[in-house]
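The values are calculated or read from the model by the stated rules, or taken from the named source; none is laboratory data. Just so we're clear, the structure is a prediction, and the values are computed from it rather than from any experiment. Note that we place each Cβ from the backbone using ideal geometry, even for glycine, and neighbour counts take in every protein chain shown. Just the protein is used for accessible areas: all its heavy atoms, side chains included, with ligands, DNA and RNA removed. Shrake-Rupley method; radii C 1.70, N 1.55, O 1.52, S 1.80 Å.
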Amino acid sequence: TLLEGQRVPETDKLVKLRVKVGSEERTIVAGIGKHYDPALLVGKQIVIVANLQPRRLKGITSQGMLLTASAGDEMVLLTPMVVLPDGAEVH
């Protein structure tokens with residue numbers, strides 16, 4: 001579940017998201033700022049890849065990757081069709 005979202009200063013598309021993954025919280029930096037207002041995503045369940053090495057982007061440590069699909073200029077977040085427990089595995 002997305003707990004908090006904000007734009008990364010001095011960028012057009014990067015957003016900083018705080019997400020709940022099971023019993024822990026993680027920070028993820030994602031390039032969705034041209035398509036989504038991160039503050040409006042709070043409370044939504046999203047699909048992430050959590051087993052990646054942390055990576056620094058614009059001075060922020062990102063602890064995963066948000067999954068999206070795109071076609072042309074359109075981008076959509078991948079979300080579960082039903083509410084699942086935070087940290088549910090993707091198969």
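Solvent-accessible surface of the chain, taken per residue with a 1.4 Å probe and all protein chains present: 67 Å².
Highest mean packing comes first when the peptides 17-29, 41-53 are listed by Cβ atoms within 10 Å, giving 17-29, 41-53. The stretch between K58 and V42 holds 3.6 nm of extra length on full extension. This uses 0.36 nm per residue minus the Cα-Cα distance.
What a 1.4 Å probe finds exposed on the chain is 51% carbon and sulfur by accessible area, rounded to a whole percent. Residues whose amide H comes within less than 5 Å of that of L14, counting only those at least five positions distant or on another chain, are V8, G33 (H built at 1.01 Å from N in the peptide plane). The packing ranking, built from the mean of other Cβ atoms within 10 Å per residue, places the peptides 64-75, 80-91 in the order 64-75, 80-91, highest first.
Gain on full extension, evaluated as 0.36 nm per residue between K34 and R7 minus their Cα-Cα distance, stands at 8.7 nm.
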